[in-house]
Amino acid sequence: FGYGILAANALVIASIPDMEAIFEEKENCILAFSFLMGMSETVFWFTNFIASFIINIVIYLVISLVFSFWAGMNDNSFTMIFVVSIFYIIAELWFQYFISTFLNNVKNGRGLLVGLIMASTATAFVFQFATLTHHSGATTTVIYIFSFFPMSAYELFIMQGSIASYTNNIPTYRWNNMNDGAYFCRPWIPLVWLIMDFVIYFLLFLVLNAFLPRKYGHPPLKISHF
């Protein structure tokens, strides 16, 4: 439970300064003149994404090394943990950007980040006491529902790997056993869901950012364009 919370929320905490900068810009229109002078929104958003991604890739490299070689997920494949972590970073950042399209001030933005931490704790409880205790059709349904949220899919991956490390009930993660039926949730499921979440929330962000009204200027696109 503890490892799942720590791993999932590390990204949220690390991205607080960058997310606050985005909400401050939306609230105070700091970059309005930059946009008027020719800087594209594409450059603005991808600069924010790349900066956050670089910071988090370093953090999750350390987390993956600690988990696989020191404590938490000993004997699990380091490369598998790190690859899943990379997809989690990408999916969660675009999920946060997607949510940010509905919020226009710093206060609401901070509420979002606190809400994400609370939500991750709640889903970890579900995984700890229900999903990762027995096999059933309901368990599979719960896994798919919660996996729409990147934090939940990543928590599930980390928590199951920790159980595999500390007990002999299920095998530790290896690339060649991603479809092993002994797992409560086969490891390929959270990995595929993180990839799907990345695509889904990236596309939703693009659509909403292009259509929703903004504090200054006009949305790039209107329904009438189609």
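Annotations for the structure displayed:
- Qualifying residue in the stretch 119-136 (condition: open to solvent by 20 Å² or more (accessible area, probe 1.4 Å), within 24 Å of residue 82 (Cα to Cα) and not in a helix (DSSP H, G or I)): no
- Counting only residues that are polar (S, T, N, Q), open to solvent by 60 Å² or more (accessible area, probe 1.4 Å) and closer than 21 Å to residue 82 by Cβ, the stretch 165-209 holds 2 of them.
- The single residue among 59, 63, 54, 50 that is open to solvent by less than 50 Å² (accessible area, probe 1.4 Å) and either of a type in the set (D, E, K, R) or out of contact with any strand residue (DSSP E or B) (no Cβ under 8 Å at 6 or more places or on another chain) (or both) turns out to be 63.
- Contacts under 8 angstrom Cβ, first residue in the stretch 52-68 being under 11 Å from residue 14 (Cα atoms), partner surrounded by 22 or more Cβ atoms within 10 Å (Cβ to Cβ) and polar (S, T, N, Q), 6 or more apart: 52/15; 55/15; 56/15; 60/85
- Any chance residue 72 is in a loop (DSSP other than H, G, I, E, B), at pLDDT 80 or above and at positive phi: yes
- The single condition among (1) assigned to a helix (DSSP H, G or I); (2) touching a Leu at 6+ places or on another chain (Cβ under 9 Å); (3) open to solvent by 30 Å² or more (accessible area, probe 1.4 Å) that residue 103 does not satisfy is (1).
- For the stretch 104-121, the condition holds for no residue, the condition being that it is touching a residue at least 60 places away in the same chain (Cβ under 8 Å), touching a Ser or Thr at 6+ places or on another chain (Cβ under 6 Å) and on the phi < 0 side of the Ramachandran plot.
The values are calculated or read from the model by the stated rules, or taken from the named source; none is laboratory data. Model, not experiment: these values are computed from the prediction. Here the Cβ is made from the backbone with ideal geometry for all residues, glycine too, and neighbour counts use every protein chain on show. The accessibility values were calculated without ligands, DNA or RNA, using every heavy atom of the protein model including side chains. Shrake-Rupley method; radii C 1.70, N 1.55, O 1.52, S 1.80 Å.
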